[in-house]
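What follows is calculated from the coordinates using simple rules that are stated; it is not laboratory data. In this text the structure is predicted, and so the values were computed from the model without any measurement. Cβ atoms come from the backbone with ideal geometry, glycine included; neighbour counts cover every protein chain shown.
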Amino acid sequence: MSGRSDYAAALWSKYALAGDFTLEYYAGMRMSTTKAMSYPRVGDMNVTFGAEGSDLSTGYSYLVGAWDPGWTSKWTKLVRRAGTVAETDRPLVPRVRTDSGRRYIPVPYVADGRDVHGAWYYCKVRRIGNRIECYYDNELVLTYDETDPLKGHRFGLWTYDNDMVVACLKVSYQRCYAPDRLVPAPLPESSAAEADQVVLTAGCAETPALSADFEQSVGGWKPATSDRNSEVTITGSGAGSGLASLRVKNLTLGGDFGVVAPVPANLDLSRAQELRFRYRLPAGARVNAYVQALGREHFIHLSGASDSNALRQCLGSVDVKTDDEWHDARFDLAAALRALYPAAETIPLQKLTFGNLHPGYVAAGLGGNPFGCRYYLDDVCLAVAGPAERSVTWKPTAPEGKEAPALQYAVAFDRSPDTVPDKLVEGAATTAKSGALKDGLWYFHVRGKASGDKWTSTAHVPLAVSTAALSCLSMSPAPGKPWGGTPVTFQLAPAGGLNLDVTRSSLTVNGQAVPLVSPAMTYDWRARKLTFDAQRSTLAFEQGKPVSVSLAAATTAAEPAAFAWEATFDKSLDRTPPAPVTLAEQFVRDDFEEGLGGWGNLGGEKYALTVLDDSTAAAGKRSLRIVNPVLTGSWSAVPTAQPFSLGKYPLLAFDYKVTEEVCADLLFTLGGETRAVTFADVDDPYLKLGATEAIQKDDQWHHAVLNLGELTRNLSFAPNQYDVTQCYFADTGYQAAAPGAYFNVDNFTLLPAESGALGVKVKLVAHDPSGIAKFRCSWSDQPTDLPVGEVPGDQPEQVFKVEHEGLQYLHVAAQDAAGNWSEPAHYAFLIDNTPPTVAEVTPAANGALGTRTVQVKFAEAPGAALDPKSMAFSVNGNSYPLTALDTGFAPATNQLSWSWCLATGLFSEPVADGTAVKFALSAVKDFAGNASAPQDWTYTVSYAADKEPPLPPEVKCSSHESVVYDTFTRGIGNWTPYGSAYGSQVDRTFDAAKGDYVAAVQLGAGTSYGNYVHIGDYDLATHPMMSFDYKIPAGVQVFFHLYLNGAWYGVPVTGQSRTYTNLGAIPGIAPDGQWHTATVNLLDLAKATVKANAHAVKYLMLCNYGGTGSVVSFDDFHLFGPGANAAVFNWKTVDPTGIKGYSYALDASPVTIPDETPETAAPTATLGNLQPGQYYFHVRAQDGAGNWGPPVHYAYRVG
């Protein structure tokens, strides 16, 4: 048996149990096909017993891996009615978020010890007298001694928001009986069937409103998600007013129990009056009003859940009564939304729903909203304010299949909501104009009269009029008196209930505009108080001079009204110190007290929400909350969209507060490659840059410091290795975060590296109404020392010489003109005063040159890293910036290695012994700005010093076409990992046995990943051949995946694909850890399996089974087509003593080594009259010192 539901999936027994009993069953999780993950949450394999009817809230429920907001499955509970009476957080069901979904209790009789997929879990409940025992996998986990027995005897199996399968249910009992199938009929309730008559629909296009009295019909109100969850009808039994009201009946356990209103287009909530409605709620109804606006979800708390978060924010509460009697409710929706979105020009209502849209067990019917529960609504009104004169239109709608008869209409405008007009107007017009209405709430009423004196029901349209300007009841402090900078408050009195519209209002202070949405301004939307806080502005005032605050206050409908507050500034009354000093133009120093800084999300709000959190902070009043909005969301929150350097900003410090279900790491895109700093994730797939130390997931605040510069310094050399193009928190790999899961960050700071010797430039920022008189500034290595030295207040731009190196703190405070000192602020910097110094050059400067690599060792200098972009060599006057292919850097020895021959391409021809070669190294800078002295020296080419043979030549052939020929001497080609650290990692390394650079592939975790070998379209019909050198250890299973004609195929090497159809194997493979050559006709392999006219290739990948961490090596990888019978070859190599000559051969063997007799000094050869077949061109070079290098073997095919 299986069950699936977004709410409750329940199977109730027809029988009841009395006395002692045992319920036992095997349950498992069904692989989900409707959610973003196969197994989003293991748990809720529940049984309820002792229940009355099908109401979960009347019995006991054994919740196995109970739902919680974090979807942790951490708790297993025994619930009586809706209250927990026993629980345990002992690890029982597999937890897919925190522990990779492993099984905690060994079960020897389960095949292969399956954890989740195909796994069964044994659950059991026993009642013995008044004792209840709960078991999981045959271990006792919960007990409860009952003192007040429940009355019910029904039992059932169920799950919540999950997919569950159940097998082998067994019930042992003392007494089992079938309850009476006949139950008392419910009391009759007249269902006011929608009248079979013409219905009038009326509205004002200028100010659309939501109005429903349900007298004529349900009026477009519908079940929130499905008519299988809720039944929406009108009823005449005990209407809230008039003859009918709306009834919502629950047709399931829990569910959304919802009804959605027909929202008219362009209903602007910023201009709305109060939301008004009548309600009747029984004790078991748990419902709220849910408002969707500006793409966000909000709710008004009624009797349902009160949990408020970034996904579903609470706007406020209505004090409702759940006594099954009629009551009135009012809520100022405009004020609540304006408080959240003060800068929004309009706030269109997108959706209004009554019901339960919160997750949790109420949605399963546990704790409320049982099957058959009902609630009622009536007289719903949400009017939008507008001008005094209105035009209202209406139209008659006949029942389906009928035509509307000719009607005369009676209309009226008044302040009563339920007037029935009786004065007919002339003609059959369906438009009426109001004339000039006074401010307040009016109603338009219309009904139609057909022949035979038959009237339609009356349609009512609310019309809110608001034309009067705002007034100001009071100002504080009282104007016209001496003032010392205290907040200035305007107490407004809105006309017709409309509130202040900050987008149409303005405020100036002494003629200078102050934005109404800014730190200096606050508006209490419910109290209607606008406050200007000079202390939080950038304004300063002169002693004894007048201060004028002018407010132009407008509503969304009325024109601005002008109010002025005036006083004389007296600094002797200033008792408030300035806010702590900040530093201008600091890159990332976010304390979130005034805003989000540069934080955003990667990919939009679908992937992460970044919101300010007033409920918790490591310091101050606010922190940043990063919220995952959807199942499998990436949690991708971005501190800054600007690129930056981890050399310039090497230290990251931040406070964090995370729970155990949080899985997110900090990711950096460095030099085009994404690397992860392990934070709270357990399986991110990226190469690791480093890790935060001892992360604590205890929902408490902790501090973390990372030396990102030092971690980056250990990466392979690249000019851009420190360049960050993206930085973000994210859940990657197995994305399992629950919707609404979150963690908090505070005081997120990237600390810069600066040279105290050159001077640290800062601009001090402080504001106060009386002005800033002076600053105190000092430096130390302690984070909370007090500042001592003084700086005049009119000199905020300072250059500080800092003597001591390491982590140093600038301590600063400001004094206002009234003598008040601010709290000290402390800013950390990494100070490095030591310029880079060249300690040693190898070969020794001005000595003999016989090697293709020059090494420069720098003196050890802790602090800022060397800037790779500042490094450049010149040879014989020509400058060569360093690249990743020809440069290496060893952090342990601070040694730079440069393959100058490869980088410059010099000395590919004969060079005389004793030739002078001029070298120079630019001034090398560190990221603090310190620079070394430039270096220059002259080498003398020495045949005697040259002990290195030349590299194998790089061959090109113009007599056939190659798709790719990767020698790895000058690059890595397309040999890149597939997507992540799960794939194989490819490095270009020097292989001593070959005397050449090769691709060394460290095998990853399996066939889903591996590494690309080639990316690009080509046709096997024209380029059928593949040739490569390989070195594969014994026992390692590798193979190629070929993407051919839009499908994947395996090409066996030492192993084969277990996922896709395999083509024929590559012949003659020898996995013995030695170098060999393999050549194969891929077209011949493909034709035997893929019957098609075309054989189009797009990708070629190297994959493996097992052998994770083993290294296989490749060289001279060649995809090519047949060539002419006259083969033309050109080649090139370099050496520090030049190239004297070459020896070459062409034959059918892939391993021939040409002799040591030079055939030519020219790097070219044409070999003709070749018969059809497979050939290999072998060529090696001799340098000026007489050293012979290893050969290259170039595959060539004729025919």
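Side notes on the structure shown:
- Whole-angstrom Cα spans of the chain along principal axes, big to small: 120, 91, 72
- Kirkwood hydrodynamic radius over Cα pairs of region 2-177, then Stokes diffusion coefficient at 25 °C and 0.890 mPa s, in µm²/s: 151 µm²/s
- Dimensions of region 564-663 along the principal axes, based on C-alpha atoms and rounded to the nearest Å, stand at 59, 34, 29, largest first.
- Neighbourhood charge, 12 Å Cβ-Cβ cut-off, centred on Leu315 and excluding it, Lys, Arg +1 and Asp, Glu -1: +2
- Pairs of Cα atoms farther than 17 Å apart, region 471-573, %: 49 percent
- Computed from point charges on the beta carbon alone (+1 for Lys and Arg, -1 for Asp and Glu), the dipole magnitude for the chain about its Cα centre is near 2620 Debye.
- Here the Kirkwood formula, the inverse mean of 1/r across different C-alpha pairs, assigns region 391-465 a hydrodynamic radius of 13.1 Å.
- Trypsin sites (Lys or Arg not before Pro) restricted to region 345-415 and DSSP loop, no more than 12 other C-beta within 10 Å: Lys402, Arg415
- Dipole axis of the chain (+1 Lys, Arg; -1 Asp, Glu on Cβ), positive-most option in Met1026, Leu786, Ala933: Met1026
- Projected over every direction and averaged, the convex hull enclosing the alpha-carbon atoms of region 676-812 yields 12.8 nm².
- Dipole in debye (nearest 20) - region 583-751, about Cα centre, beta carbon charges: Lys, Arg +1; Asp, Glu -1: 340 debye
- If R0 equals 56 Å, the separation of the Cβ atoms of His327 and Thr669 corresponds to a calculated FRET efficiency of about 0.45.
- Under the combined filter of DSSP loop state and at most 12 neighbouring Cβ atoms within 10 Å, region 349-440 retains none of its chymotrypsin sites (Phe, Trp or Tyr not before Pro).
- Under 15 Å, Cβ to Cβ, from Ala945 - net charge with Lys/Arg +1 and Asp/Glu -1: -3
- Point-charge dipole on Cβ atoms (K/R +1, D/E -1) for region 760-831, about Cα centre, debye to 20: 140 debye
- Residue order for Cys168, Cys777, Cys314, fewest other beta carbons within 10 angstrom first, comes to Cys168, Cys314, Cys777.
- Whole-angstrom Cα spans of region 961-1120 along principal axes, big to small: 44, 33, 30
- For region 111-171, the percent of C-alpha pairs falling in each 5 Å distance bin, counted from 0 to the bin holding the largest distance, reads 4, 12, 19, 24, 19, 12, 6, 3, 1.
- Per the Kirkwood formula applied to alpha carbons, region 838-941 shows a radius of gyration over Rh ratio, Rg over Rh, of 0.97.
- Relative counts (whole %) of C-alpha pair distances in region 583-751, using bins that are 10 Å wide: 11, 41, 38, 9, 0
- Under the Debye formula (equal points on every Cα, no solvent term), log10 I(q)/I(0) of region 1127-1198 at q = 0.17, 0.21, 0.26 Å⁻¹: -0.59, -0.86, -1.20
- Here, region 210-380 has an Rg and a Dmax of 15.1, 46 Å when only alpha carbons are counted.
- 25 °C / 0.890 mPa s Stokes-Einstein diffusion coefficient of region 711-765, Kirkwood radius on C-alpha pairs, µm²/s: 151 µm²/s
- For Ser959, residues with placed amide H under 5 Å, excluding near neighbours: Val1128
- Across region 1127-1198, Cα pairs under 8 Å and at least six residues apart give a relative contact order of 37 percent.
- One quarter of the convex hull surface built on the alpha carbon atoms of region 760-831 amounts to 4.3 nm², the projected area averaged over directions.
- Fewest-first ranking of Thr784, Thr397, using other Cβ atoms within 10 Å as the exposure measure: Thr784, Thr397
- Computed over region 948-1001, Cα set: Rg, Dmax in Å: 13.5, 41
- When the Cα positions of Ala305, Gly238, Ala289 are compared along the charge dipole of region 193-338, Ala305 comes out farthest toward the positive end, with charges on each C-beta of Lys, Arg, Asp and Glu.
- With 20 Å as the limit on Cα-Cα distance, the pairs of Lys571/Lys774; Lys869/Lys1132; Lys688/Lys994 that go past it are Lys869/Lys1132; Lys688/Lys994.
- Hz values of 3J(HN,Hα) by residue in region 961-976 - Karplus curve (6.51, -1.76, 1.60), Gly and Pro given as x: 9, 10, 6, 7, 9, 9, 9, 6, 6, 10, x, 10, x, 8, 6, 10
- Dividing the helix sum by the residues of the chain, where each DSSP H run of 4 or more adds -39500 (n - 2.57), gives a mean residue ellipticity at 222 nm of -500 deg cm²/dmol.
- Electrostatic tally near Thr678: other residues with Cβ closer than 15 Å to its Cβ, Lys and Arg +1, Asp and Glu -1, net -3.
- Region 499-538 versus region 311-325: alpha-carbon centroid distance in Å: 31 Å
- Applying the criteria of a DSSP loop state and at most 10 other Cβ atoms within 10 Å to the trypsin sites (Lys or Arg not before Pro) of region 473-572 yields no site.
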